[in-house]
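Input: a single structure, listed below in structure tokens.
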């Protein structure tokens, strides 16, 4: 299960 | 962080502040769609839950807190403090027609689940993919809520645009609010082009939703530039 995407944008 | 994303965030912040000040100074929310503001508060709430779990930067945290605070303050002013000036008769767009399909789509199309995996989760066959249970952590929930917020934001302005088309006009300050709100996501599109070429960053969900969101403003942008820039009221 790929690393869940972190969202660095607002 | 690049200049397009920064100006995009500042444009978004300007829009939110313009609206809040307009309602506060004029003590009236005439011409403002309360439904759109509720949808924006929902967008920020579902997108910024990671405030509780991760720290990206002071800027990121500060802006998220300001966005959420202003969104709820605006909803409070519309539905509580200046409720008497809320034009409910013209704010009739059925918001549930936006929230329900967006909710379904965010389950089916997101970065975590393919539809097949989603079905397995529903049938609780694949334990480790369970949404929220002893065998999982909340990252799946956050991912689906983030996707929900991205899809919802792309259509959240529809009740406002619908209300303006029904009343046939908008106060100039309201058009400035809409201009900066539309401009912000257009700048984000340029930011994503920039990040694709210089960082290899590519988020199809955000890009597609951002394109849809910006297209919804095109008609308004045309009117804004041809009418309001020459300081006429915005007759539609």
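The values are calculated or read from the model by the stated rules, or taken from the named source; none is laboratory data. Remember, predicted model here, so these are calculated numbers, not experimental data. Cβ: placed from backbone, ideal geometry, glycine included. Neighbour counts: every protein chain shown.
Brief remarks follow.
- Condition met for residue B:47 (part of a helix (DSSP H, G or I), farther than 21 Å from residue B:173 by Cβ, at pLDDT 95 or above and over 15 Å from the mean Cα position of the chain (by Cα)): no
- Counting only residues that are within 30 Å of residue B:173 (Cβ to Cβ) and either modelled with pLDDT of 95 or more or surrounded by 16 or more Cβ atoms within 10 Å (Cβ to Cβ) (or both), region B:193-220 holds 12 of them.
- Applying the set (1) under 19 Å from residue B:206 (Cβ atoms); (2) buried (at least 16 other Cβ atoms within 10 Å of the Cβ); (3) away from chain A (no Cβ under 14 Å) to residue B:48 leaves exactly one unmet item: (3).
- Pick from region B:106-140, criterion modelled with pLDDT of 60 or more, within 10 Å of another protein chain (Cβ to nearest Cβ) and assigned to a helix (DSSP H, G or I), ranking: surrounded by the most Cβ atoms within 10 Å (Cβ to Cβ): B:140
- Residue count for region B:57-98, restricted to those that are in a loop (DSSP other than H, G, I, E, B) and in contact with a helix residue (DSSP H, G or I) (Cβ under 7 Å, 6 or more places away or on another chain): 6
- Residue within region B:75-92 that is within 14 Å of chain A (Cβ to nearest Cβ) and in contact (Cβ under 8 Å) with a residue 40 or more places away in the chain present: no
- Residue within region B:162-171 that is on the phi > 0 side of the Ramachandran plot, surrounded by fewer than 17 Cβ atoms within 10 Å (Cβ to Cβ) and free of Cβ contacts under 8 Å to residues at least 40 places away in the same chain present: no
- Residue in region B:153-168 that is touching a helix residue (DSSP H, G or I) at 6+ places or on another chain (Cβ under 7 Å), within 14 Å of chain A (Cβ to nearest Cβ), modelled with pLDDT of 80 or more and not in a loop (DSSP other than H, G, I, E, B) present: yes
- Failed item in (1) part of a helix (DSSP H, G or I); (2) modelled with pLDDT under 95; (3) within 18 Å of residue B:91 (Cα to Cα), with residue B:223 passing the rest: (3)
- Within region B:17-39, none of the residues are crowded, with 20+ Cβ neighbours inside 10 Å, within 14 Å of chain A (Cβ to nearest Cβ) and either more than 24 Å from residue B:186 (Cα to Cα) or within 14 Å of the chain's Cα centre (by Cα) (or both).
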